[in-house]
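What follows is a set of notes on a single structure, which appears directly below.
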């Protein structure tokens, strides 16, 4: 199921992440409101990022040097995650991008 792994962070750098393990695609939403798509991300690399003691530090030290992200608009995020199985999480990511308010993850 695409983008079934959603995480929200208490990080000064990253706000949330959506991961598609079958394709190795990762969407990261930053505190600035920008979102990027990273391709070719293994499950281990995803796990290392989201479980790091400091997600922001890990992103800057290990993830960012290894991957180039493509900027996404809020509409692109919505289109990439268009699936009945992820409707509530898709809406949460859109709200995160559009108004910057904290959102709750109802999918877990």
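Just so it is clear, none of the values below were taken in a lab; they were calculated from the coordinates. Since this is a predicted model, take the numbers as computed values, not measurements. Heads up, the Cβs are rebuilt from the backbone with ideal geometry, glycines too, and the neighbour counts pull from every protein chain shown.
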Query raised in the report: Under a plain spin-label model, where a point goes 7 Å from the Cα along Cα-to-Cβ, how far apart in nm are residue 66 and residue 12?
Result: 2.4 nm
Report summary line: Note on the stretch 1-51: alpha-carbon gyration tensor, axes a ≥ b ≥ c; rule is a/c under 1.5 for rounded, else prolate if a/b larger than b/c, else oblate; result prolate
Query - Residue exposure sequence - 68, 41 - by fewest surrounding Cβ within 10 Å - result: 68, 41
